[in-house]
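Enquirer: Below you will find the structure I want to go over with you.
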Amino acid sequence: MEETIQLIQKTLDKIRPFIQRDGGDVEFVDFIDGIVYINMKGACQDCMLIDSTLSDGIEIILQEEVPGVIGVKLASQMPKKEEAI
């Protein structure tokens, strides 16, 4: 799992300059059950093309370069952790 996370971060580092050119950035948050959770920052945070950037850009590249990645979602869509009783 740690190797997969390192490969995800390395791949995001390759993508990052293209996102930064448009005034944004991408931040890795977690990898759970094949889904990479990220935060979009800067100009990308409220961009109306964010869905396209995720699915047509970041997701495709991560799926091609990192075995086990089946999707990319925003960190705000992460499953809630069970609270201890």
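Enquirer: What is the sum of charges, Lys and Arg at +1 and Asp and Glu at -1, for the other residues whose Cβ falls under 12 Å from the Cβ of Gly24?
Expert: Working: positive: Arg16, Arg21, Lys41; negative: Asp22, Asp25, Glu27, Asp46.
With Lys, Arg at +1 and Asp, Glu at -1, the net is -1.
Enquirer: Looking at the chain, send over the antiparallel percent of its DSSP beta bridges, to the nearest 5.
Expert: Roughly 65 percent of the beta bridges in the chain run antiparallel, per DSSP.
Enquirer: About its Cα centre, what dipole magnitude does the chain give when the only charges are +1 on Lys and Arg Cβ and -1 on Asp and Glu Cβ, stated in debye to the nearest 20?
Expert: For the chain, the charge dipole is close to 180 debye.
Enquirer: Further, regarding this structure: Can you bin the chain into rounded, prolate or oblate? Criterion: square roots of the alpha carbon gyration tensor eigenvalues sorted a ≥ b ≥ c, rounded for a/c under 1.5, prolate for a/b above b/c, oblate for the rest.
Expert: Oblate is the answer for the chain, as a/c is 1.5 or above yet b/c matches or exceeds a/b.
Enquirer: Arranged by the count of other C-beta atoms within 10 angstrom, fewest first, what order do Leu7, Leu12 take?
Expert: Leu7, Leu12
Enquirer: Near Lys41, within a Cβ-to-Cβ distance under 11 Å, what is the net charge of the other residues, with Lys and Arg +1 and Asp and Glu -1?
Expert: Taking every Cβ under 11 Å from that of Lys41, the sum is -2.
Enquirer: So what is the relative contact order for the chain, in percent, with contacts set as C-alpha pairs under 8 Å and at least six apart?
Expert: 30 percent
Enquirer: Same structure, new question: Quick one: which residues, 5 or more positions from Ile35 or on another chain, have an amide H under 5 Å from its amide H? H modelled 1.01 Å from N in the peptide plane, none for Pro or chain starts.
Expert: The answer is Ile70.
Enquirer: What do you get for trypsin sites (Lys or Arg not before Pro) in the chain restricted to DSSP loop and a cutoff of at most 14 other Cβ within 10 Å of the site's Cβ?
Expert: Lys80, Lys81
Enquirer: Can you list the lysines whose alpha carbon is less than 25 Å from that of Lys80, not counting same-chain residues fewer than 8 positions off?
Expert: Lys41
Enquirer: What ranking of Met78, Met48 emerges when the number of other C-beta atoms within 10 Å of each C-beta is taken as an exposure proxy, fewest first?
Expert: So the residues, fewest neighbours to most, are Met48, Met78.
Every number here is computed from the coordinates shown, using simple stated rules; none is lab data. Since the model is a prediction, treat every value here as computed from it, not as a measurement. Glycine gets a Cβ as well: all are built from the backbone with ideal geometry, and neighbour counts include every protein chain shown.
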